[in-house]
Amino acid sequence: MRLRRRLSSWCLLLVCASGCLPRERFNKNCEWTGDSAFHLDLQNPRDQQHLIQDAQLVDELTTRYADFKHKEPFGYEGHGGLLQHGKVANDCLAKLDGIIETSHRVTHEQILDARVRRDWRFDAAVVLSFAAVYALGAIWTCGWLANYFSRDARRVLAAATALSAVVVSGAGVQLLGLWATTAEMLRIGNDHLGPRRGASIPWTHHFGQLFVGGILVFLVAALLRYRVLSDDAETSTEDSRPHTILLR
């Protein structure tokens, strides 16, 4: 239990340490703050990252502004993208994009391109952290199967393992979607992703490959777990045998 808590803490730290939007620049008034005017050289990786962060920050500020404006006619924040058929959100988006174009001397097309760019470090942290948790879960499940089914009935254990691999992998794919969505909410600092940002999460487009990969990881975990249990059983059997002392 202690190991799982530590692993969860490290995974959360790893995810939050990469690609997060600057919280100090958040507001609900569609205002552009915390930035200075200077020319961005998009051949420079640092300037590229600056534009990516600015473009994605505009997306977040637009969402916050529209959700806040939704409170005026309906009494609660949320679903602001639907206000006036999207005009409220689009006006804020155009305003902030225009500020970036002027202050950093970039084109609208360059901003649109930067907005959909993903930070590979963040996405790698998400999938690798989940893979670690999934592998531990698979090892625990295989240990439970070995204890529940007699190791002498190898065919039964093999069938149970194969069926469990399919079930656990299917559940793992769904949990990865929740894991990635939660990580994205932490990254942008908002639980309102919206359809565009939700669709940008890369793992939601590869469920088939992830399902097959989950089965393979489970089977590898099963082989390793059963081998360890088998070695432990052999060692225990040898230790329990009586030892004969030869006297000359």
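Where a number appears in this text, it was derived from the coordinates with a stated rule and is not lab data. Given the structure is predicted, the values throughout are model-derived calculations rather than measurements. Cβ atoms come from the backbone with ideal geometry, glycine included; neighbour counts cover every protein chain shown.
Overview of values
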read-out	value
FRET E, pair A94, Q43, Förster distance 22 Å, beta-carbon r, rounded to 0.05	0.20
For the stretch 10-168, alpha-carbon Rg over 2.2 N^0.38 Å	1.58
Ranked packing of 43-51, 196-204, most packed first, by mean Cβ within 10 Å	196-204, 43-51
Relative exposure of D113, D67, judged by other C-beta atoms within 10 Å (fewest first)	D113, D67
Rough spin-label spacing in nm, given labels placed 7 Å along Cα→Cβ, for A135 and R23	3.1 nm
